[in-house]
Amino acid sequence: DYDLSHAQSTYFNDPKWPSMWYMHCSDNTHPCQSDMNIEGAWKRGYTGKNIVVTILDDGIERTHPDLMQNYDALASCDVNGNDLDPMPRYDASNENKHGTRCAGEVAATANNSHCTVGIAFNAKIGGVRMLDGDVTDMVEAKSVSYNPQHVHIYSASWGPDDDGKTVDGPAPLTRQAFENGVRMGRRGLGSVFVWASGNGGRSKDHCSCDGYTNSIYTISISSTAESGKKPWYLEECSSTLATTYSSGESYDKKIITTDLRQRCTDNHTGTSASAPMAAGIIALALEANPFLTWRDVQHVIVRTSRAGHLNANDWKTNAAGFKVSHLYGFGLMDAEAMVMEAEKWTTVPQQHVCVESTDRQIKTIRPNSAVRSIYKASGCSDNPNHHVNYLEHVVVRITITHPRRGDLAIYLTSPSGTRSQLLANRLFDHSMEGFKNWEFMTIHCWGERAAGDWVLEVYDTPSQLRNFKTPGKLKEWSLVLYGTSVQPYSPTNEFPKVERFRYSRVEDPTDDYGAEDYAGPCDPECSEVGCDGPGPDHCSDCLHYYYKLKNNTRICVSSCPPGHFHADKKRCRKCAPNCESCFGSHGDQCLSCKYGYFLNEETSSCVTQCPDGSYEDIKKNVCGKCSENCKACTGFHNCTECKGGLSLQGSRCSITCEDGQFFNGHDCQPCHRFCATCAGAGADGCINCTEGYVMEEGRCVQSCSVSYYLDHSSEGGYKSCKRCDNSCLTCNGPGFKNCSSCPSGYLLDLGTCQMGAICRDATEESWAEGGFCALVKKNNLCQRKVLQQLCCKTCTFQG
Amino acid sequence: PVCRTRVYTNHWAVKIAGGFAEADRIASKYGFINVGQIGALKDYYHFYHSRTIKRSVLSSRGTHSFISMEPKVEWIQQQVVKKRTKR
């Protein structure tokens, strides 16, 4: 813990600290560029404490003096070596330095006189060693789902080749791992995945061809040089969410961090350096509010990142008022703004997904022209569970055939007129595979309305000689809209997004407002007593209410923020940690609960598990009561366990009837004569069959049909017919080794059905077939011992 | 166009309902070693076969392939090497 609240500027004894230009202004020779305000977040008391970040890479050197103090074994493992130690493999070229470099950016220990300082220098840091070996779908899935209840943030600075010709993304297991992570990680708040957007700038690569950065579940981070210029390696695309500093030209400063063999480097570069920097900043925001969901984190980034001095010619303001670019997303991340936003953040409403299937008419894409397809979207307004009114991510799922994929460029224009480039021409992409159900993603319409005309444009610009006889075809496309049905920002969060003006140290060395000097207007929330600065934290007295931050700053507000209650005089006090609103500070004085907790209305407490007789109502965040007679349930009408003397009939509790009877809603009635026990009237209602009958596919029959065998092992001694293994025609028991006859073309061999031609003819060139067998038979070849082993077995069976 | 060859490994991802013991039983029946659950993915297991080729351009065939016919095996995928680059 470092008490930075009163420090004029931060000082650490780590030798590289003065040179860490992306965290503070090192000299007074020129004004600071718009910075990431890391120190601002520190000064508010946030240093990443209790937040766990893990680096998915080639391992981390856990014994490094700058990492060992914050090293977290529970956030670490070795997927390549199948053990728990993420130490990198050492070789002469120090090939495996990458993970250690990324880790130091996030959580190198401060003030230990060794070398460098991490952005979240009190966060816990782990590493998953997974890049130093064969990477498979399973290796990736294991890595992104490693200990998701312990790890909060996963940082990845790798991906498919950025060679300008690859189109690749997560395979099924990894996709599932991402989905599970955001759904169940961090006890339901969702794992946060941070990804480097790619280094393929020189190869004119486009990060939308990388399914990892393009995913809605990852926060894709781009880079800018100190000057705000576009680095040579930067890839543009519409899925980039935000930007942090990294290297630029050879004369630009690079990133300082920990290095292999307990050393340090001032030479870390590329988007690899940017993703961990973002992970560190997100760790600060999560410390400020650990209840931010994975989507809250993205919302906070969208609202606080700034175009600042970042140089791009495509900056535009979307209809929701957010400035956005294909190079930098919503701009440079701002740590101080993020922690301030996080502190007062109210969880955004539930995510809705609306899939708008456009027409499937195949359209030909002519060279040097464009195909335009317009779709009028309703945002699924007729379906309350899918209705999207306010947009977050927008995905275009598209299938295109084309003789040269690199000649394609794709644009999407939202109903509000925001145009995103989903794909740019790629010089080196000669693939003839086109795109098959590839998902392009854009965040450029964030906050806009979903309903209205969406325009997809596909351009074909032939870059070199190719086969013009086969034109490309837009086979189908669909629009997947993610967002909310209601306005995502609560009134306390609502403020216009403005470019924050930063004083340079040259202009204002204290970086503070002097009380005596200030003569400007006060914040509207200040009372007539006055203020010593323009903000709500500069009031001498508050008009309505105030609450205190961790660093003792007093903020005036018009009403108490979420998680606070009006205590006495004008003071807002904090509710218990699990309460969203309350009437007192104790855990049994809650009025509503934070995400992941449910209000037990009898005790006014927020619990993770509702008591017997109630269920977790996820929509309302309350413990709902089960229906009468029900002991446990998953919904009012979905009983899973009944009170004594009653039995579960479907999802309701009814009186227990004797064997051979069923409850019809009023009284017990006899079952059908074939049934021993039943759940309803008629032969279809049988659960078990009476003597002389056996159960087959839900019906009682006298004997098993073909392809079924009699199973004696059923519960209660009742017999049933079970389906034979797919390989058998008839069988005597389960599995493929109990066949008694085989389908046409297969041979029975010791209970197993095998392909008819199990041996080859004498030349071993082809399978034994009818003609060949006739020849064998005609010449009595099977009587010759020497030939019996070759073909006779097959031929005998085939007659 | 460059012809990219797939490289198959002797590792499999398998989805089996019924818990770890059931996965173990099926693994040993077909000569696999059950390395354990895949990360936090419930019912997904990492199977390893020491007697098949470590790296091959052809997917593996043999008696172990019959594992896919097991009723409790819901999904199986032989793992393919993916090219990944540090950034």
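Hey, what angle do you get for helix A:98-107 against the long axis of chain A, alpha-carbon based, 0 to 90 degrees rounded to 10?
The helix A:98-107 is inclined about 50 degrees to chain A.
A:Leu131's amide H: which non-local residues (gap 5+, or another chain) put their own amide H closer than 5 Å, with H modeled 1.01 Å from N in plane and none for Pro or chain starts?
A:Asp57, A:Asp58, A:Gly59
Pull out the extension gain between A:Arg183 and A:Asn638, defined as 0.36 nm times the separation in residues minus the alpha carbon to alpha carbon distance; nm, one decimal.
On the way: separation 455, 0.36 × 455 = 163.80 nm, distance 2.28 nm.
Roughly 161.5 nm would be gained on extension.
Where a Cα-Cα gap under 20 Å defines reach, which aspartates and glutamates qualify for A:Lys594, not counting those fewer than 8 residues away within the same chain?
Straight-line reach from A:Lys594, under 20 Å: A:Glu287, A:Asp296, A:Glu341, A:Glu343, A:Glu494, A:Glu580, A:Glu602, A:Glu616, A:Asp617.
Output needed for the stretch A:634-675: three equivalent-ellipsoid semi-axes, defined as square roots of 5 times the C-alpha gyration tensor eigenvalues, in descending order, whole Å.
On the way: eigenvalues 96, 21, 15 Å².
One finds semi-axes of 22, 10, 9 Å for the stretch A:634-675.
Expressed in nm to one decimal, what extension gain is obtained for the pair A:Ser227 and A:Val355 from 0.36 nm per residue of sequence separation less their Cα-Cα distance? Numbers along the way, then the final one.
On the way: separation 128, 0.36 × 128 = 46.08 nm, distance 4.16 nm.
Full extension of this stretch gives 41.9 nm more.
Tell me the mean residue ellipticity at 222 nm calculated for chain A from its helices only (DSSP H runs of n ≥ 4, each -39500 (n - 2.57), averaged over every residue, nearest 500).
Working: 9 runs with 90 residues, N = 799.
For chain A, the value works out to -3500 deg cm²/dmol.
Could you give the length gained by full extension between A:Asp83 and A:Gln609, i.e. 0.36 nm per residue of separation minus their alpha carbon distance, to one decimal place? Please report the intermediate quantities before stating the final value.
Working: separation 526, 0.36 × 526 = 189.36 nm, distance 3.39 nm.
That pair, A:Asp83 and A:Gln609, stretches by 186.0 nm at full extension.
Compute the relative contact order of the stretch A:185-253 as a whole-number percentage, counting only Cα pairs closer than 8 Å that sit 6 or more residues apart in sequence. Please report the intermediate quantities before stating the final value.
Values: 129 pairs, mean separation 22.5, N = 69.
Result for the stretch A:185-253 is 33 percent.
Of the listed pairs A:Lys49/A:Lys142; A:Lys737/B:Lys15; A:Lys548/A:Lys569, which have alpha-carbon separations greater than 18 Å here?
Numbers: A:Lys49/A:Lys142 26 Å; A:Lys737/B:Lys15 23 Å; A:Lys548/A:Lys569 14 Å.
Flagged as over cut-off: A:Lys49/A:Lys142; A:Lys737/B:Lys15.
Note down the nm distance, to one decimal, between modelled labels 7 Å out along Cα→Cβ at A:Asn267 and at A:Phe583.
Placing both labels 7 Å along Cα→Cβ, they lie 6.7 nm apart.
Quantify how much of the Cα-Cα distance distribution of the stretch A:64-178 extends past 25 Å, in percent.
Working: 1703 of 6555 pairs.
Result: 26 percent of Cα pairs exceed 25 Å.
Using alpha carbons only, what's the Rg to Rh ratio of the stretch A:49-113 with Rh from Kirkwood?
Values: Rg = 11.6 Å, Rh = 12.2 Å.
Taking Rg over the Kirkwood Rh, I get 0.95.
Can you compute 3J(HN,Hα) from phi for each residue in the stretch A:615-624, using the Karplus curve 6.51 cos²θ - 1.76 cosθ + 1.60 with θ = phi - 60°, rounded to whole Hz and x for Gly and Pro?
10, 7, 8, 5, 5, 9, 6, 10, 8, x
Grab the alpha carbons of the stretch A:201-314, take their convex hull, and tell me the volume per residue in Å³.
Cα-based convex hull of the stretch A:201-314, divided per residue, equals 132 Å³.
Give me Rg/Rg_expected for the stretch A:251-308, where Rg uses Cα atoms only and Rg_expected = 2.2 N^0.38 Å with N residues. Show your work: numbers first, answer last.
Details: Rg = 14.6 Å, N = 58, 2.2 N^0.38 = 10.3 Å.
After normalising by residue count via 2.2 N^0.38 Å, the value is 1.42.
I'm a student and want to see the number: the projected area of the Cα convex hull of the stretch A:395-466, averaged over all directions, in nm².
On the way: hull surface 19.4 nm².
For the Cα atoms of the stretch A:395-466, the hull's average projected area reads 4.8 nm².
Just order A:232-241, A:377-386 by mean Cβ neighbour count inside 10 Å, highest at the front, would you? Walk me through the numbers on the way to the answer.
Values: A:232-241: 26.5, A:377-386: 15.0.
For the peptides A:232-241, A:377-386, the packing ranking is A:232-241, A:377-386.
Amide H to amide H under 5 Å from A:Glu641: which residues, 5+ apart in sequence or cross-chain, H placed 1.01 Å off N in plane?
Sorted by chain and number, the residues that satisfy this are A:Lys631, A:Ala632.
Just to verify a number: FRET efficiency for A:Asp684 and A:Ser381, C-beta to C-beta distance, R0 = 45 Å, to 0.05? Mind showing how you got there, number by number?
On the way: r = 41 Å, r/R0 = 0.90.
My answer for the efficiency is 0.65.
Return the equivalent ellipsoid semi-axes of the stretch A:357-423 as a descending list in whole Å, where each equals the square root of 5 times an eigenvalue of the C-alpha gyration tensor.
Details: eigenvalues 143, 38, 23 Å².
The answer is 27, 14, 11 Å, longest axis first.
Which chymotrypsin sites (Phe, Trp or Tyr not before Pro) does the stretch A:377-479 hold that lie in a coil by DSSP with at most 15 other beta carbons within 10 Å?
Working: sites: A:Tyr390, A:Tyr411, A:Phe428, A:Phe435, A:Trp438, A:Phe440, A:Trp446, A:Trp454, A:Tyr459, A:Phe468, A:Trp477; in loops: A:Phe428, A:Trp446, A:Phe468.
When the chymotrypsin sites (Phe, Trp or Tyr not before Pro) of the stretch A:377-479 are filtered for loop state and at most 15 Cβ neighbours within 10 Å, A:Phe428, A:Phe468 remain.
Please turn the phi angles of the stretch A:552-563 into ³J(HN,Hα) values with the Karplus equation 6.51 cos²θ - 1.76 cosθ + 1.60 (θ = phi - 60°), one per residue in order, whole Hz, x for glycine and proline.
Values per residue, Gly and Pro as x: 6, 5, 9, 10, 8, 9, 7, 8, 5, x, x, x Hz.
Please work out how many pairs of lysine residues in the stretch A:305-445 are eight or more positions apart (or on different chains) and have Cα atoms closer than 27 angstrom. Numbers along the way, then the final one.
Working: A:Lys316/A:Lys376; A:Lys323/A:Lys344; A:Lys323/A:Lys376; A:Lys363/A:Lys376; A:Lys363/A:Lys436; A:Lys376/A:Lys436.
Number of lysine pairs found: 6.
For chain A, restrict the atom set to alpha-carbon positions and state the Rg and Dmax in Å.
33.2, 118
How far apart, in nanometres, would the label points at A:Thr63 and A:Gln669 be if each is projected 7 angstrom from Cα along the Cα-to-Cβ direction?
7.8
Would you kindly derive the ³J(HN,Hα) couplings of the stretch A:281-290 from the backbone phi angles with the Karplus curve 6.51 cos²θ - 1.76 cosθ + 1.60 (θ = phi - 60°), listing them in order in whole Hz, with x for Gly and Pro?
5, 5, 4, 5, 5, 5, 5, 5, 8, x
For the stretch A:339-444, run through the GluC sites (Glu not before Pro) and keep only the ones in DSSP coil with at most 15 other Cβ atoms within 10 Å of their Cβ. Intermediate values should be presented prior to the final figure.
Numbers: sites: A:Glu341, A:Glu343, A:Glu356, A:Glu392, A:Glu433, A:Glu439; in loops: A:Glu433.
Within the stretch A:339-444, the qualifying GluC sites (Glu not before Pro) (loop, at most 15 other Cβ atoms within 10 Å) are A:Glu433.
What's the long-distance tail for the stretch B:13-87, i.e. % of Cα pairs beyond 21 Å?
Numbers: 750 of 2775 pairs.
In whole percent, the share of Cα-Cα pairs in the stretch B:13-87 beyond 21 Å is 27.
Hey, rough spin-label estimate for B:Leu58 and A:Arg571, points 7 angstrom out along Cα→Cβ, what's it come to in nanometres?
Inter-label distance under the simple model: 7.9 nm.
For peptide A:140-149, compute the average count of partner chain beta-carbon atoms within 10 Å of each residue's beta-carbon. Before the final figure, lay out each step's value.
Details: counts 3, 7, 10, 1, 2, 6, 2, 2, 2, 1.
Rounded to a whole number, the mean comes out at 4.
By DSSP, what percent of the beta bridges with both residues in the protein assembly as shown are antiparallel, rounded to the nearest 5?
Working: 122 of 154 bridges.
So the antiparallel bridges amount to about 80 percent of the total.
Every read-out reported here was derived from the displayed coordinates using simple, explicitly stated rules and does not represent laboratory data. Just so you know, these numbers come straight off a predicted model, no measurement behind them. Note that each Cβ is placed from the backbone with ideal geometry, even for glycine, and that neighbours are counted across all protein chains shown.
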